[in-house]
Amino acid sequence: MIIYRLGKHIKTAVVGLFRNFWMTFSAATAVTVTLTLVALFTVLSVNVKSFMGSIEENITIRVMIDNGYGEENLYNASTKQDPFGDKLRAIEGVSNVEFVHKDKEFEKYTKMNGESGAIYERFKNQNPMKHVYKVSLKEGNSDYEGVSNQIKKMDGVYSANYGTGGIHKLIEIFDQLSSVMIFFMAALVLLAVFLISNTIKLTIHARRTEIQIMRLVGASNGYIRFPFILEGIFIGLIGAIIPAVLTVVAYGKLLASYDQGFMISSALELSSMSTVNMVALALFGIGAVVGMIGSLISVGRYLKV
């Protein structure tokens, strides 16, 4: 009996969708546009956080040593002694310290400049570069500024810098973009709810005679309301189909491009396909909820039972 009633309610809801086809189409389109933006924002947000984590894991504090500081205080390859490096390792939060001789810095600099770097070879004997220590922090510690400030106070330090300025700027821009996108998504959600509500209203109006007959024969309030609620849910689910498919297909192609070396750095890992599949499934849930809210508004306002 329960399965029979459910089947009958579903059939009634589907008939209602086709009876007001253009209103159904407009409401489903509003849901589609809304969920497309939701998917775009969610996938972007997940990957930006992943990028930030990957970048922070590879950040090092670059400590340049003053040329006037005694070589005996630095790393000695023959004795393996490293007085200055030991001081760096003693700082709380530091996990690894690597010494780079200024000759290697000079070689790296000339290679970075390609063919034009050859003009610097004449200065090799009077190497103007500085010895460098690369300092990495322990996992979970992101206090680069605090550690960098401690290092700057040490004797012999010419400079201590870390490359997170661009990252923080990117995070600020993304936060601002998030606020704008959330505003537009909220506006589109309200529009979708409004259109679904109007679609259900038309369905209620078209079935007013049938509803009156059901009242007379003693149909319960829930029995009368349920098909309209189903109709709204179906509109939400229909609107979620395109965003969900588009999200999975487009992201799959992006991952394929990444695997082929399309991305700039292999250190920047994209979120897994399973994460995006979960986002796609969530879109159907959001669509169903939006549809149900629109239906409940109409059922409560226009169906007085």
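The values are calculated or read from the model by the stated rules, or taken from the named source; none is laboratory data. Small disclaimer: the values here were computed from a predicted structure and weren't measured. Note that we place each Cβ from the backbone using ideal geometry, even for glycine, and neighbour counts take in every protein chain shown. For accessibility, only protein heavy atoms count, side chains too; no ligands or nucleic acids. Shrake-Rupley method; radii C 1.70, N 1.55, O 1.52, S 1.80 Å.
Can you tell me which of Gly239, Gly300 is modelled with pLDDT of 85 or more and part of a helix (DSSP H, G or I)? Steps first, answer last, please.
Details: Gly300 fails: modelled with pLDDT of 85 or more.
Criteria check complete, one pass: Gly239.
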Could you run through the range 66-100 and say how many residues are assigned to a helix (DSSP H, G or I), under 45 Å from the mean Cα position of the chain (by Cα) and charged (D, E, K, R)?
3
Thr24 in a helix (DSSP H, G or I) and modelled with pLDDT of 85 or more
no
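Every residue, every condition in (1) of a type in the set (Asp, Glu); (2) modelled with pLDDT of 80 or more; (3) open to solvent by less than 70 Å² (accessible area, probe 1.4 Å), yes or no:
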| position | (1), (2), (3) |
| --- | --- |
| Ile10 | no, no, yes |
| Ala13 | no, no, yes |
| Phe18 | no, no, no |
| Thr34 | no, yes, yes |
| Leu40 | no, yes, no |
| Ile61 | no, yes, yes |
| Asn73 | no, yes, yes |
Select from the range 120-158 the residues that are modelled with pLDDT of 85 or more and aromatic (Phe, Trp, Tyr) and write down the one among them that is surrounded by the most Cβ atoms within 10 Å (Cβ to Cβ).
Tyr133
Using beta carbons and a limit of 8 Å, which pairs, at least six apart or on different chains, have the first residue in the range 20-36 and more than 13 Å from Gly236 (Cβ to Cβ) and among the polar types (S, T, N, Q) and the second one at pLDDT 85 or above and open to solvent by 20 Å² or more (accessible area, probe 1.4 Å)?
Thr36/Ile242; Thr36/Leu246
